[in-house]
Amino acid sequence: RCSCSAGRALTEIFLGTRLARDSPRHKNMRTVAVFGALVALTAVGAFHTPYRPEQSRHFDVTKSSTFHPITEKIFDLHYADGSHLRGFNGVDQVWLGDYKCTAPFGVITDCNSPDFNGVDGILGFGLPKAGQEGRELPTPVLFAMTDMENKMSNARDLTRKFSFFSTDTDAEVQLGGYDPKTTVGEMWYTPCLSENDFIVGVTSLRFGHSFGESDQLLKFDDAADEPYLPSIMDSGTSCLVMPGDTLGGKLSNVPFNDFTNLWEEGKSFWVEIGGRQWQVPFSSWFLARTNQTCVQPSPPGMQGLLIGDVFFRSFMVEFDMTQRERPIIGMAPLNLKYAPVKLAELGSFELHHAPITKLQLLRGEETMFPAEHTERLTQVDQIPIFNKKGTQYFMDVGVGTPKQKFTVIFDTGSAVFGVFVSKHDLPMAIKAELPDSVMGTSLHLLEQTSMTTSYNPIGAMMAAGDYTPLAVLFVVVNAVAVVAVVAIRRRRKHPIIPQVC
C-alpha cells in the first residue's frame, strides 16, 4: 500500500434499503442494483494494519439533546480498495466554521479500514446522488446548510459553491465562492459532464520537460472523433490516476506504461481541459519528502482519469453547484505566495461567477470561458485544513447540542458526511430498531473486499435520462475518493480551514 491514495476514489457503491428488522431479505442487501450497474464483490487480502476504533473519537448520542435517529435508513458503502463503512442515518446540529444547521448525517457503526485510524469520520463535499442511493443517503451537508427551506440553518443565504487548494503542509476550503487573492489571473469555467459528480472532459495529457517537446499519453484510436476521457476532480485522491490499459481499444497505447518509460526528473504534465492547457509541475506530482511518484494506473473497469491532489497544489479549483442541471468547475493558477488561514475567518470580496448564459449554450467538455464580474460583494468563509504529508486532508467539525468536536477526512469526491459511534453504547431503544446487519459482526473483524463495477450504459442512461457520451464512456457512475494513508494520525492542532465566499 502506498501513501498516495487513489483506491477509494474510484467507487462509492451504495448498498442499502429500507427493510423490516425481521425481514429475511436483510442478508441479501448486497444484491441491490444501483443505477443499472452490475456490482461484483471479490475478496482481497486483509489490510496490513487493522482498523483501531479506540484511536477515534466517537459521537455520544446520549449527550446530545437534539439528536434524532432514522434507523429505517441503513447505508452500506464499499470502496474499490476494500474499505467498507456501515451505519444508519441521524439528524442533529452540524457545525462548519461559523455556520451551523440541523442536518442529516451518517452515524457510522462499523469500519474495516486502517485509513480511518485516528480519524473521527468523513466529510464529503460531493453532489447529491440520484435514485435510490440519493433517497437513502443523508443529504450532503453543504446542500443541507444552503437549503432555503431549512429554517434551522444560519447559512441559507450562502452561495452554494466552494473552492479548494492545497500546499505541502496546509490546505484551505472557501465556502460561498473564492478569495481572488488566492489566484493569479482569471478563473476559467467549464460545466461538469454529470449532474451527480465533479467530472470534466480531458482531451489531452502530455508529459515532458516543455510543452513543445512533450509526449502525448492519451493516444486515441480514432482521433477524428474528437474524443475525450471523463475525469473526476477529487481532493480525496492524492495522485494523478491514468489508464493502465487501452480502455477496450479506445486508446492505441497504455498511458501509464508510456509514463513509466518516459519518467524523468523535472518533467511536467499538461492536462487539456476545455481547450486550455493546465501544467502540473514535477514538484506537484513527485513527493520529495517521501521519494514517491504520485501517479498511479487506474484499476480494471475504470474508463477515465482521476485528477487528485497533484492538481490542487498548482490551481485553485471552484465547485459551483448553483445550477441544478449541471455543476460548474472553475480553475485558476494558484498564488503560491498566499498563506492559508490558520483559523476560520469571514471576508467580503468582489463576486466572480461563471458566465451562465454562455455555458448553457456550449458543450462544457470542449470550451472554457472566463468569469464575468459584478459589483456586488459576497461573503466568503475561509476554513483551514491540515494537509498531512500532502496526502490527506482533515477538517474540524461539530455535531450535537452541546457541540461535540470531531476531526474528519475532507473529500470532494464523496457525498457522505458521517461520524463514528460505538454501536454497543447506543441506547437500547435505538439498538432494537437496527437490523442484524448493523448490530452483528464488526467490520474490522471481517475480510476486506474490493468493489468492481461493470456498467450497463443503456440501463443507467434510461434511469438517469442521460444520453450524453459520458453515460457510455464512464464506468464509475457514483465516483468517490477517500484519502488512503495507512495509520496516519491527525494533528488536532492543525485542522483544515474552509473559506466562505
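Residue ranking by accessible heavy-atom surface, 1.4 Å probe, largest first, among Met316, Met148 comes out as Met148, Met316. Highest mean packing comes first when the peptides 219-225, 63-69 are listed by Cβ atoms within 10 Å, giving 63-69, 219-225.
Among 52-59, 329-336, the peptide with the highest mean count of other Cβ atoms within 10 Å heads the list, and the full ranking is 329-336, 52-59.
Scalar couplings 3J(HN,Hα) for the stretch 233-247, obtained by applying the Karplus form with A = 6.51, B = -1.76, C = 1.60 to θ = phi - 60°, are 8, 9, 5, x, 9, 6, 9, 8, 10, 10, x, x, 8, 8, 6 Hz; x denotes Gly and Pro.
Accessible surface ranking for Ile307, Ile70, 1.4 angstrom probe, highest first: Ile70, Ile307. Relative protection proxy for 256-267, 157-168, from highest mean packing down: 157-168, 256-267 (other beta-carbon atoms within 10 angstrom).
The values are calculated or read from the model by the stated rules, or taken from the named source; none is laboratory data. Predicted model, so just to flag it, every value in this text is computed and none were measured. Glycine gets a Cβ as well: all are built from the backbone with ideal geometry, and neighbour counts include every protein chain shown. Each accessible area value is taken on the protein alone, full model and side chains, heavy atoms only, with ligands, DNA and RNA left out. Shrake-Rupley method; radii C 1.70, N 1.55, O 1.52, S 1.80 Å.
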